[in-house]
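Asker: One structure is given below, represented as structure tokens, and several questions about it will come after.
The values are calculated or read from the model by the stated rules, or taken from the named source; none is laboratory data. Quantities reported herein were computed from a predicted structural model and do not represent experimental measurements. Neighbour counts run over all protein chains shown; Cβ positions are idealised from the backbone, glycine included.
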Amino acid sequence: MDIYDVVIIGGGIAANTAALYTARASMKPLVISGPDLDQLSLTTTVENFPGFPDGILGPDLIRNSKKQAKKFGALYVDGLVDSFNLKKKLFEVGVKGKKYFARTVIISTGASARKMGIPGEDKYFGKGVSTCAICDAALYRDKIVTVVGGGDSAMEESLALYKFAKKVIIIHRRDAFKASKIMQDRVLKLKDKISVLWDSEVTEVLGDGKFVTGVKVKNLKTNKTTEVKCDGMFLAIGHTPNTKIFEGKITLDEHGYVITDKRSRTNVAGVYAAGDVQDPIFKQAVTSAGTGCQAAIEAERYIENLKAKGEY
């Protein structure tokens, strides 16, 4: 039975950063990446990751970080982890019946942005449909964009876009926002560039085959459908952390995010979490990389402690 010092679950920037640090510490990490693309791999140009003054494509950033971790000995296997258990002081990670055993585990499974499941949404994702204004706002300078949602996330997206876009149109299903009053006030006072379509929902994303050109919007009170011309649509209807298999095994918050301390430690000794899976607030590439680093260093210290106590 092969036993790994660390198994890292995930394929995004947090996982690859953790892989880099543990590989450089001679821990020979095993990284298990699922078929779903991480948020960065669905992003176009990333302009807010340090070290790239001209920006870098999201998929290139992931590809380069993975290549860098491999250079120092990280092992990668493709597969969707479907089970997680503690077995005789070892963690058992299952992928379609195959079992991997580890002394430590770093969870970096991320969080998936909620989608509406409407025509054109997937077709134009990354081509005008986005889930991160902080990432992509600068690409919409002097353009018209729509934001779907009514909570604090929608307000934050709108405020990030306001600095660049010619016009921001918020589309919300209800006649009032769910966002905190202070966030609502910040948005609603910017009437020169931000407008709201109340009691409305987007029913289809329109495009020219390459990029978004508009959206179909249905008024829920009149049932009338109109077309709104725009260059982009930002989804701000929340994220779902990918933590289903960890329910009942480690402590999650009421929304399903892994609860960690300031050192990326979970409530289970030897298990750490990094990236969006434990971050409902910032959700940035650089913060994910930072927690990936933290988790890796903590895992290394845990292994060294086991060796010192003769429990390795």
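Asker: Scanning region 1-37 for residues that are aliphatic (A, V, I, L, M) and part of a loop (DSSP other than H, G, I, E, B), which turns out nearest to residue 66 (Cα to Cα)?
Answerer: 37
Asker: Suppose we filter region 158-172 for residues that are surrounded by 16 or more Cβ atoms within 10 Å (Cβ to Cβ) and assigned to a loop (DSSP other than H, G, I, E, B); how many remain?
Answerer: First pass over region 158-172, keeping only residues surrounded by 16 or more Cβ atoms within 10 Å (Cβ to Cβ): 158-162, 164-165, 167-172.
Checking the rest, the ones that are also assigned to a loop (DSSP other than H, G, I, E, B) come to 164-165, 172.
Selection size over region 158-172: 3.
Asker: Consider region 203-228. How many of its residues are in a strand (DSSP E or B), touching a residue at least 12 places away in the same chain (Cβ under 8 Å) and of a type outside the set (A, V, I, L, M)?
Answerer: Number satisfying all stated conditions: 10.
Asker: Determine if region 132-152 includes at least one residue that is at positive phi and outside any helix (DSSP H, G or I).
Answerer: Yes - at least one qualifying residue is present in region 132-152.
Asker: A further question follows. Look at residue 14 and say whether it is more than 20 Å from the chain's Cα centre (by Cα) and modelled with pLDDT of 95 or more.
Answerer: no
Asker: I would also like to ask the following. Which one of 260, 226 is of a type outside the set (Phe, Trp, Tyr), within 18 Å of the chain's Cα centre (by Cα) and either over 24 Å from residue 103 (Cβ atoms) or assigned by TED's automatic domain parsing to the domain that holds residue 62 (or both)?
Answerer: Result: 260 is the single residue among 260, 226 that is of a type outside the set (Phe, Trp, Tyr), within 18 Å of the chain's Cα centre (by Cα) and either over 24 Å from residue 103 (Cβ atoms) or assigned by TED's automatic domain parsing to the domain that holds residue 62 (or both).
Asker: I'd like to verify a number: residues in region 111-142 that are in contact with a helix residue (DSSP H, G or I) (Cβ under 7 Å, 6 or more places away or on another chain) and modelled with pLDDT under 95, how many?
Answerer: The number of residues fulfilling the criteria is 7.
Asker: Search region 148-181 for residues being of a type in the set (Gly, Ala, Ser) and within 22 Å of the chain's Cα centre (by Cα), and hand back the single one that is nearest to residue 283 (Cα to Cα).
Answerer: We begin by selecting, within region 148-181, every residue of a type in the set (Gly, Ala, Ser); these are 149-151, 153-154, 158, 160, 165, 176, 179-180.
From what is left, the residues that are within 22 Å of the chain's Cα centre (by Cα) are 149-151, 153-154, 158, 160, 179.
Values: 149: 18, 150: 19, 151: 16, 153: 11, 154: 14, 158: 16, 160: 14, 179: 18 Å.
For region 148-181, the residue satisfying everything is 153.
Asker: I need the full set of residues from region 184-240 which are among the polar types (S, T, N, Q) and surrounded by 16 or more Cβ atoms within 10 Å (Cβ to Cβ), in order please. Spell out how you get there, then give the answer.
Answerer: The first filter runs over region 184-240 and keeps only residues among the polar types (S, T, N, Q), leaving 184, 195, 200, 203, 213, 219, 222-223, 225-226, 240.
Across region 184-240, the qualifying residues are 184, 200, 213.
Asker: In region 62-101, which residue that is among the small types (Gly, Ala, Ser) and over 25 Å from the mean Cα position of the chain (by Cα) is nearest to residue 302 (Cα to Cα)?
Answerer: Checked region 62-101; the qualifying residue nearest to residue 302 (Cα to Cα) is 73.
Asker: All but one of (1) β-branched (Val, Ile, Thr); (2) part of a strand (DSSP E or B); (3) modelled with pLDDT under 95 hold for residue 182, so report the exception by its number.
Answerer: Result: residue 182 passes all but (2).
Asker: Now a separate question. Scanning for something farther than 18 Å from residue 283 by Cβ and surrounded by fewer than 22 Cβ atoms within 10 Å (Cβ to Cβ), does region 12-20 turn up at least one residue?
Answerer: Within region 12-20, none of the residues are farther than 18 Å from residue 283 by Cβ and surrounded by fewer than 22 Cβ atoms within 10 Å (Cβ to Cβ).
Asker: Of the residues that make up region 278-285, is at least one touching a Ser or Thr at 6+ places or on another chain (Cβ under 8 Å) and either surrounded by 13 or more Cβ atoms within 10 Å (Cβ to Cβ) or of a type outside the set (Gly, Ala, Ser) (or both)?
Answerer: The initial filter retains those residues of region 278-285 that are touching a Ser or Thr at 6+ places or on another chain (Cβ under 8 Å), namely 278-279.
If we keep only those that are either surrounded by 13 or more Cβ atoms within 10 Å (Cβ to Cβ) or of a type outside the set (Gly, Ala, Ser) (or both) too, we end up with 278-279.
Yes, that holds for at least one residue.
Asker: Does residue 260 satisfy the condition of being crowded, with 23+ Cβ neighbours inside 10 Å and free of Cβ contacts under 8 Å to residues at least 60 places away in the same chain?
Answerer: So residue 260 fits the description; yes.
Asker: Follow-up question, since we're still on this one. Is it fair to say residue 272 is surrounded by fewer than 17 Cβ atoms within 10 Å (Cβ to Cβ), touching a residue at least 12 places away in the same chain (Cβ under 8 Å) and either closer than 20 Å to residue 86 by Cβ or of a type in the set (Val, Ile, Thr) (or both)?
Answerer: no
Asker: Please specify each residue of region 265-298 satisfying the condition of being hydrophobic (A, V, I, L, M, F, W, C) and out of contact with any helix residue (DSSP H, G or I) (no Cβ under 6 Å at 6 or more places or on another chain).
Answerer: Within region 265-298, 268, 269, 271, 273, 277, 281, 282, 286, 297 meet the criteria.
Asker: Restricting attention to region 38-87, and to residues there that are free of Cβ contacts under 8 Å to residues at least 24 places away in the same chain and in a strand (DSSP E or B), which single residue is surrounded by the fewest Cβ atoms within 10 Å (Cβ to Cβ)?
Answerer: Step by step, filter region 38-87, then rank; the result is 87.
Asker: List the strands (runs of 3 or more DSSP E) inside region 230-293, counting only whole elements, that have at least 1 residues being closer than 28 Å to residue 92 by Cβ and at pLDDT below 95.
Answerer: Of the strands (runs of 3 or more DSSP E) lying wholly inside region 230-293, those with at least 1 residues that are closer than 28 Å to residue 92 by Cβ and at pLDDT below 95 span 239-241.
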